[in-house]
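Just below is one structure, and these are the notes that go with it.
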């Protein structure tokens, strides 16, 4: 599987309007589904069928929608979109199992609706991403694809020189990709993902080559592509020795 970096979210756009029926709990508003913090969830006002409506302001390309940190299970989510409001034509579905998921849905439309059937309890959602994820077809080399286990620990020494450790939280997974070979198209996708994440200031959804979905923060460094197949018109391939680190953001 290629790497997929989902960093641009159309729900955050200044031209987008997002609403829900029935209304959300006052203490858990709908804005939580596009606040870049999947820990804090939107909570529906009832267990009844729920429609989340999205007006993008104009017809914009969409190739995927993602649902993160949710309790929706045992029902099929319907993703609908149209040129007029509300979006009623079904474009894709997700048989929800409460696990994070990306759904492919390639449309250029203005009005979108996410329909969640009635459940035993009100729906809860940490994040919804809607837009065009970036795909890097060439996976990192083996060393760069390693899953690093990074403990969240602070170590100090006492006045007598004895080590004193404090566990601040759970360990996190870290990916530090590098490429011996990456095409110009893949390089454009990688730099585009950097732009989408505002150079790492926004958490993002990463689907790695094992198809595992990870909510991560991109700790970016200087991106220095080195041309390895130069031509008179430029370069056709590059090597990237350090693309920074993707660090897991705990839910």
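Read-outs throughout are calculated quantities, based only on the coordinates presented, and are distinct from any laboratory measurement. Quick caveat: nothing in here was measured; it's all calculated off a predicted structure. Glycine gets a Cβ as well: all are built from the backbone with ideal geometry, and neighbour counts include every protein chain shown.
Between 235, 146, 176, where does the largest GNM mean-square fluctuation fall for the chain, given springs only between Cα atoms within less than 10 Å?
235
Can you give me the angle between helix 184-196 and the longest principal axis of the chain, using Cα atoms only, in degrees from 0 to 90, rounded to the nearest 10?
60
Which semi-axes, in whole Å and largest first, does the equivalent ellipsoid of the range 143-248 have when worked out from the alpha carbon gyration tensor as the square roots of 5 times its eigenvalues? All intermediate terms of the calculation are to be shown ahead of the outcome.
Numbers: eigenvalues 237, 52, 31 Å².
Three semi-axes, in Å: 34, 16, 12.
So between residue 219 and residue 158, what do we pick up on full extension, going 0.36 nm a residue minus the alpha carbon distance?
Details: separation 61, 0.36 × 61 = 21.96 nm, distance 3.13 nm.
Contour length minus the Cα-Cα distance gives 18.8 nm.
Using only the alpha-carbon atoms, what does the chain span along each of its principal axes? Please give whole angstrom values in decreasing order.
Extents along the principal axes: 64, 56, 31 Å.
Just from its helices, what would the mean residue ellipticity at 222 nm be for the chain, if runs of 4 or more DSSP H residues each count -39500 (n - 2.57) and the sum is divided by every residue, rounded to the nearest 500 deg cm²/dmol?
Values: 1 runs with 13 residues, N = 251.
After summing the helix terms and dividing by the residues of the chain, the value is -1500 deg cm²/dmol.
Report the semi-axes of the equivalent ellipsoid for the range 3-132 in whole Å, largest first, where each axis is √(5λ) for an eigenvalue λ of the Cα gyration tensor. Write out the running numbers ahead of the final one.
Working: eigenvalues 82, 48, 46 Å².
Ellipsoid semi-axes (Å, largest first): 20, 16, 15.
Which order results if 147, 154, 134, 214 are arranged by neighbouring Cβ count within 10 Å, fewest first? Please report the intermediate quantities before stating the final value.
Details: 147 13, 154 10, 134 24, 214 17.
In order of increasing Cβ crowding within 10 Å: 154, 147, 214, 134.
Report, to two decimal places, the Cα Rg of the range 75-178 normalised by 2.2 N^0.38 Å (N = number of residues).
Values: Rg = 22.3 Å, N = 104, 2.2 N^0.38 = 12.8 Å.
In units of the 2.2 N^0.38 Å rule of thumb, it is 1.73.
What order do you get for 196, 37 when you list them from fewest to most C-beta neighbours inside 10 Å?
Working: 196 19, 37 15.
Taking fewest neighbouring Cβ atoms as first place, the list is 37, 196.
What FRET efficiency, computed as 1/(1 + (r/R0)^6) with R0 = 35 Å and r the Cβ-Cβ distance, is obtained for residue 14 and residue 104, rounded to the nearest 0.05? Provide the component values of the computation, followed by the final result.
On the way: r = 26 Å, r/R0 = 0.76.
Approximately 0.85, to the nearest 0.05.
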